[in-house]
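Q: Submitted below is the structure of interest, expressed as structure tokens.
The values are calculated or read from the model by the stated rules, or taken from the named source; none is laboratory data. Not measured: the values here are computed from a predicted model. With ideal geometry, Cβ positions are generated from the backbone for all residues, glycine too; neighbour counts draw on all protein chains shown. Ligands, DNA and RNA are excluded from the accessible area calculation, which covers all protein heavy atoms including side chains. Shrake-Rupley method; radii C 1.70, N 1.55, O 1.52, S 1.80 Å.
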Amino acid sequence: MKLNDVSIEQPPIVSRAKFAGEIGRTPLTLWRWEGLGWIEPAINIAGKPFYTREAIEKFTRRASAGEFARAPHAPVKVRAALPC
């Protein structure tokens, strides 16, 4: 992509926090998704987690294809037991 003859490219890595903000989730949610195998594990650079552009693109393709879709469900209301 060019803007006034200056080449603008996507950075090769993105922090977990930045990517989470871009998709409207928390970094903790992304960490959970790593455990589920939905997104490739982050790489550690100086103690901070980063995703490669390839990992993000792969996750986006899989999500767009509906691979992570589940049927919606309503929360179950639990009634408290009344004291006798």
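Q: When the helix-only estimate is applied to the chain (DSSP H runs of n ≥ 4, each -39,500 (n - 2.57), divided by the residue count), what is the mean residue ellipticity at 222 nm, nearest 500 deg cm²/dmol?
A: -10500 deg cm²/dmol
Q: May I ask you to list the aspartates and glutamates whose Cα is less than 19 Å away from that of K58, ignoring any residue fewer than eight positions away on the same chain?
A: E9, E22, E34, E40, E67
Q: Counting only heavy atoms of the protein chains, get the accessible area per residue of the chain (1.4 Å probe) and round it to a whole Å² value. Each step should come with its number before you reach the end.
A: Values: 7030 Å² over 84 residues.
Accessible surface, normalised per residue, equals 84 Å².
Q: Counting Lys +1, Arg +1, Asp -1, Glu -1, what net charge surrounds E40 among other residues with beta carbon under 9 Å of its beta carbon? Before the final figure, lay out each step's value.
A: Details: positive: K58; negative: E34, E54.
Its environment carries a net charge of -1.
Q: Taking θ as phi - 60°, what are the ³J(HN,Hα) couplings along segment 60-67 by the Karplus curve (6.51, -1.76, 1.60), each to the nearest whole Hz, with x for Gly and Pro?
A: 4, 4, 5, 5, 5, 6, x, 5
Q: Next question. Tally Lys/Arg at +1 and Asp/Glu at -1 over every other residue whose Cβ is under 11 Å from the Cβ of E54; what's the total? Mind dumping the intermediate values first?
A: Details: positive: R53, K58, R61; negative: E40, E57.
Cβ neighbours under 11 Å give a net charge of +1.
Q: Can you give the local net charge around L30? Use residues other than it whose beta-carbon is closer than 12 angstrom to its beta-carbon, Lys and Arg +1, Asp and Glu -1. Let's see the in-between values first.
A: Working: positive: R16, K18, R25, R32; negative: E22, E34, E40.
Cβ neighbours under 12 Å give a net charge of +1.
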